[in-house]
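Chemist: Handing you a structure now.
The values are calculated or read from the model by the stated rules, or taken from the named source; none is laboratory data. Not measured: the values here are computed from a predicted model. Here Cβ is always computed from backbone atoms with ideal geometry, including for glycine, and neighbour counts include all displayed protein chains.
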Amino acid sequence: MGAHLPMFMNDDAENRQKMVKEHSDKLAKLGIELSKIQFSYKVEEKTSKEYWQKRIESFDEYNKKALEYYNQIFSLIKNIEKEESERFLLQISRFRQLSSSLIEIMKKIEENPSVLNSKDRQQSQWSRELKNNITEESNKCLHHERDMNSYFRDFYEKSLKNILE
């Protein structure tokens, strides 16, 4: 009976490696798709409604692909360490909140893009706050994504690298 145990564990390890490899391949494909979108969080002082419409569309497209990407990371982590995957799921949730907030602010700017005109010396308090908010939320999203990617790189080095090799 003991002679069959190592064989079972070996099959289990092979299945796990196969599953991790599949998730990893999907993740690589999503990463390529995400990089093609080339969304930048840098805030431009553009005052045209069309620019902000396109920016919202671009961010929406980027955000959907980013969420796919991060959900794939979640699935990959879940196969290795359930507790770590739950921690990452919280990070995904936070990213969703930040993204929603950023879209709301962009929509407010789209309705009145002149708020970003830095040459306007008569800017209202609301305009200044909106300008600060767009910069703040963009930075929060950017830094949160960096943290998520950094977290995943650390997890990869610690827990995935040896499984995939």
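Chemist: Give the residue, chosen from 134, 80, 105, that is of a type outside the set (Gly, Ala, Ser), in contact with a helix residue (DSSP H, G or I) (Cβ under 9 Å, 6 or more places away or on another chain) and free of Cβ contacts under 8 Å to residues at least 60 places away in the same chain. Explain how you work it out, then say what you get.
Modeler: Numbers: 134 fails: free of Cβ contacts under 8 Å to residues at least 60 places away in the same chain; 80 fails: free of Cβ contacts under 8 Å to residues at least 60 places away in the same chain.
105 is the lone residue from the list that is of a type outside the set (Gly, Ala, Ser), in contact with a helix residue (DSSP H, G or I) (Cβ under 9 Å, 6 or more places away or on another chain) and free of Cβ contacts under 8 Å to residues at least 60 places away in the same chain.
Chemist: Return a yes/no flag: does region 120-134 have any residue that is exposed (fewer than 14 other Cβ atoms within 10 Å of the Cβ), on the phi > 0 side of the Ramachandran plot and of a type in the set (S, T, N, Q).
Modeler: no
Chemist: Among the residues of region 100-129, count how many are closer than 28 Å to residue 34 by Cβ and either part of a loop (DSSP other than H, G, I, E, B) or of a type in the set (A, V, I, L, M) (or both). Quick ask: steps written out before the conclusion?
Modeler: Of the residues in region 100-129, the ones closer than 28 Å to residue 34 by Cβ are 100-110, 113, 116.
Still in the list and also either part of a loop (DSSP other than H, G, I, E, B) or of a type in the set (A, V, I, L, M) (or both): 102-103, 105-106, 109, 116.
Going through region 100-129 one residue at a time, the tally reaches 6.
Chemist: Against the condition closer than 30 Å to residue 12 by Cα and out of contact with any Phe, Trp or Tyr (no Cβ under 9 Å at 6 or more places or on another chain), how does residue 72 come out, does it pass?
Modeler: On the way: closer than 30 Å to residue 12 by Cα: yes; out of contact with any Phe, Trp or Tyr (no Cβ under 9 Å at 6 or more places or on another chain): yes.
Here the answer is yes, as residue 72 does meet what is asked.
Chemist: Could you please let me know if residue 86 is over 22 Å from residue 165 (Cβ atoms), surrounded by fewer than 15 Cβ atoms within 10 Å (Cβ to Cβ) and of a type in the set (Asp, Glu)?
Modeler: Against the criterion (over 22 Å from residue 165 (Cβ atoms), surrounded by fewer than 15 Cβ atoms within 10 Å (Cβ to Cβ) and of a type in the set (Asp, Glu)), residue 86 qualifies.
Chemist: Follow-up. How many of the residues making up region 26-62 are surrounded by 14 or more Cβ atoms within 10 Å (Cβ to Cβ), under 17 Å from residue 144 (Cβ atoms) and in contact (Cβ under 8 Å) with a residue 40 or more places away in the chain?
Modeler: So the answer is 3.
Chemist: Restricting region 87-137 to residues that are among the small types (Gly, Ala, Ser) and closer than 19 Å to residue 52 by Cβ, which is modelled with the lowest pLDDT?
Modeler: Within region 87-137, the subset among the small types (Gly, Ala, Ser) is 93, 99-101, 114, 118, 124, 127.
When the remaining residues are screened for being closer than 19 Å to residue 52 by Cβ, the result is 99-101, 114, 118, 124, 127.
Working: 99: 97, 100: 97, 101: 97, 114: 84, 118: 70, 124: 77, 127: 81.
Filtering region 87-137 for residues that are among the small types (Gly, Ala, Ser) and closer than 19 Å to residue 52 by Cβ, the one modelled with the lowest pLDDT comes out as 118.
Chemist: I'd like to know if region 147-156 contains one or more residues that are assigned to a helix (DSSP H, G or I), surrounded by 12 or more Cβ atoms within 10 Å (Cβ to Cβ), among the basic types (Lys, Arg) and within 25 Å of the chain's Cα centre (by Cα).
Modeler: Let us first name the residues in region 147-156 that are assigned to a helix (DSSP H, G or I), namely 147-156.
Right, trim to surrounded by 12 or more Cβ atoms within 10 Å (Cβ to Cβ) and you get 147-149, 151-152, 155-156.
Cutting the leftovers down to among the basic types (Lys, Arg) gives us none.
No - not one qualifying residue is present in region 147-156.
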